[in-house]
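This report refers to the structure that appears directly beneath it.
The numbers here are math on the coordinates, done by the rules we state, and not lab data. Fair warning: this is a prediction, and the values are worked out from it, not measured in the lab. Cβ sites come from the backbone with ideal geometry, for glycine too, and all protein chains shown count toward neighbours.
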Amino acid sequence: MASVMTRVKQKQIAELVANEKRLDNRKLSDYRETKLEQGIIERAEGSARVLLGKTEVVVGIKIEMGEPFADTPNEGVLTVNAELVPLASPRFEPGPPDENSIELARIVDRGIRESKAIDTAKLVIEPGKKVFVVFVDVYVLNHDGNLIDASALAAVAALMNTKMANYEIKDGEVKIKTGYQQLPIKKHPITVTCARIGDKLVVDPLLEEEQVMDARISIAIDDDDNICAIQKGGSGYFEPKQVFEAAKIAKEKANQIRKKLNW
Amino acid sequence: MNEKPEKLIDKKGLRLDGRKPDELRPVKLQVDVITNADGSAYIEQGKNKILAGVYGPREVHPKHLALQDRTVLKCRYHMAPFSVQERKSPAPSRREVELSKVIRESLEPAIFMEYYPRTMIDVYVEVLQADGGTRCASITAAALALADSGVPMRDLVVACAAGKVDDTIVLDLMDTEDKVGSADVPVALMPNLNAVTLLQMDGILSLEEFESAVNLAIEGCKQIYTMQKEALKTKYVSVKEENKEENKEEAEE
């Protein structure tokens, strides 16, 4: 049982963290090495792969024409879905999305939506009738912790890499023309997750650290250093001052990642 | 369709419903409202009307979910089809699945889970009418229902949101402020332990604004906390009075 292994590891990890050390010799505030590749799936309108240490996430973007929501007739539609693919971890099972994959999708969605990353006004073909629908599908291929940050990063990277069809309207009919245009992207939110282990905050937790953490907090930071989405998770709590500390860490880390990626 | 109001805060600094920025909506709390449940509570906060019921600790179903060293807490947040303007399908939406998860995680730190190994505690939340801030009101009611059920707890959990509308940080957003405003920060707190058990945010806030929103939400939580304790007292004082009366009658006989 996983819980038996966790008990043994729990002590080891807690002691390490109390001494500002970690299983993989990182500092508490260090991110794992991040690798980013764009355009890896030719069939998709946009795609990206993110490697965060051993965690691997692929995001594919598909774009279709559809109807806008009744309350936003002048905006395109964003839909985020996440699949915890069974090959990625012994804990993932086939079947309809469980609460973990739904939460993951909704966190990724919130970061993109609230930062207004996509210029949805430019996705309108006929106001109230026809718009482009952007499907963001998050595919987790290997789970070694911090799926949230890896998925959020891969999603934005894939959107930046997305091309959509050129079209013209002739006699009230939409005709697809040759060539492509870039999906209009305005912001590049970056999500940073901290786990609380004991009274310390640990950035970019490993799977084993997640198994022993008290709670986690994920904070999305936009291009202007503002917070645009937050999600606390896990069965523990944070003191208010730890929340504010996490926000500062998130801002700092997001800036580092942004600089490195030149976003 | 509801028209978007142009201003959410008027010249006097008052909100659409006449509240000051740091003012809560009227809150009404009641415990022991469902006779079948082991614990229950009802909350009205603004136009929110929410029921919470607790069953357990009881046998785990399905059995393979049982844990050898602690109880399993299950939580279901559900909105009635008639609780919102446009009928909501009764099937659980993705939003409801996520909220059920974060509400459960906001309650777990308060419960002595290890007291009841191989059991399950069910928390059911039904939103009868929604008016913005249902997740917070649900947590406030669910924690009361748990306390009413007699499960040993470290503290009550109480939740309240703060946010930003028209460049002002405000407490306890109602429906329109939630939808049209620029940010919403729901916070759940165990006041005696100074522990934040739920924290979410959407919208745009600077780090400074975020800090003041969280601090304001915590102040709101503390106000509702007093009412929560009052609601519990009201029930148990009335039970005590009843017993007294009975004892007196018996003595007289």
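Where in the range B:160-196 does the label zone of B:Lys222 land, with the point 7 angstrom along Cα→C-beta and an amide N cut-off under 14 Å?
B:189-195
Within 10 Å, count the other beta carbons around each residue, average over each peptide in A:90-100, A:21-31, and list them highest first. Numbers along the way, then the final one.
Values: A:90-100: 11.5, A:21-31: 14.6.
Averaged packing, sorted descending, gives the order A:21-31, A:90-100.
Placing +1 at every Lys and Arg Cβ and -1 at every Asp and Glu Cβ, with all other atoms neutral, what dipole size does the range A:26-261 have around its Cα centre, in debye to the nearest 20?
Numbers: 33 positive and 38 negative charges, 136 e Å.
Value, rounded to 20: 660 debye.
Rounding to the nearest 10 and keeping the result within 0 to 90°, find how far the Cα-based axis of helix A:99-114 lies from the longest principal axis of chain A.
That helix lies at roughly 60 degrees to the long axis.
Could you pull out the pairs from A:Lys62/B:Lys179; A:Lys116/A:Lys187; B:Lys20/B:Lys233; A:Lys129/B:Lys88; A:Lys163/A:Lys251; A:Lys187/A:Lys232 whose alpha carbons sit more than 18 Å apart here? If you can, show how the numbers build up before the last one.
Working: A:Lys62/B:Lys179 28 Å; A:Lys116/A:Lys187 6 Å; B:Lys20/B:Lys233 29 Å; A:Lys129/B:Lys88 23 Å; A:Lys163/A:Lys251 30 Å; A:Lys187/A:Lys232 23 Å.
Those over the limit are A:Lys62/B:Lys179; B:Lys20/B:Lys233; A:Lys129/B:Lys88; A:Lys163/A:Lys251; A:Lys187/A:Lys232.
Compute the long axis of helix A:240-261 from its Cα atoms, compare it with the longest principal axis of the Cα atoms of chain A, and write down the angle in degrees, 0 to 90, nearest 10.
Approximately 60 degrees, to the nearest ten.
Local charge sum around B:Val158 (other residues, Cβ-Cβ under 11 Å, Lys/Arg +1, Asp/Glu -1)? Please list the in-between numbers first.
Values: positive: B:Lys222, B:Lys229; negative: B:Asp155.
Once positives and negatives cancel, what remains is +1.
To test your reading of the geometry: what angle, between 0 and 90 degrees and rounded to tens, separates the Cα axis of helix B:207-252 from the longest principal axis of chain B?
Result, in degrees: 30.
Cα centroids of the range A:100-170 and the range B:47-66: how far apart, whole angstrom?
What the calculation gives is 35 Å, centre to centre.
Could you name the aspartates and glutamates whose alpha carbon sits less than 15 Å from that of B:Lys12, not counting residues in the same chain fewer than 8 places away?
Candidates past the 8-residue exclusion: B:Asp22, B:Glu23, B:Asp166, B:Asp167.
Within 10 Å of each Cβ in A:67-74, how many Cβ atoms from other chains are there, averaged over the peptide? Please list the in-between numbers first.
Working: counts 0, 0, 0, 2, 4, 0, 0, 0.
Across the residues of A:67-74, the mean count of other-chain Cβ atoms within 10 Å is 1.
Ranked from highest to lowest mean number of other Cβ atoms within 10 Å per residue, what is the order of the peptides A:218-231, A:166-179? Write out the running numbers ahead of the final one.
Values: A:218-231: 23.5, A:166-179: 9.3.
With the highest mean Cβ count within 10 Å placed first, the list reads A:218-231, A:166-179.
Using the per-residue mean of other Cβ atoms lying within 10 Å as a proxy for protection, in what order, highest first, do the peptides B:66-76, B:209-219, B:86-96 fall? Kindly include the intermediate steps, with their values, before the conclusion.
Numbers: B:66-76: 17.2, B:209-219: 20.0, B:86-96: 12.6.
Peptide ranking by packing, descending: B:209-219, B:66-76, B:86-96.
Using Cα pairs under 8 angstrom and six or more residues apart, how large is the relative contact order of the range A:192-251, in percent? Could you put the intermediate results ahead of the total?
Numbers: 93 pairs, mean separation 18.9, N = 60.
It rounds to 31 percent for the range A:192-251.
What does the structure give for A:221-230 when I average, per residue, the other chain Cβ atoms found within 10 Å of the residue Cβ?
5
Need one value for B:202-215: mean number of C-beta atoms belonging to other chains within 10 Å of its residues' C-beta atoms. It would help to have the intermediate numbers written out before the result.
Numbers: counts 12, 7, 10, 5, 5, 10, 0, 2, 7, 4, 0, 1, 5, 2.
Mean partner shielding for this stretch: 5.
I'd like the distance between the alpha-carbon centres of the range B:89-105 and the range A:49-79, rounded to an integer number of Å.
Computed from Cα coordinates, the inter-centre distance equals 21 Å.
According to a simple spin-label model (label point 7 Å from Cα along Cα-to-Cβ), what is the distance in nm between B:Lys179 and A:Phe244?
Going by the 7 Å Cα→Cβ label model, 3.5 nm.
Divide by every residue of chain A the summed helix terms, -39500 (n - 2.57) for each DSSP H run of at least 4, and state the resulting mean residue ellipticity at 222 nm, rounded to the nearest 500 deg cm²/dmol. Working shown, then result.
Working: 5 runs with 75 residues, N = 263.
After summing the helix terms and dividing by residue count, I get -9500 deg cm²/dmol.
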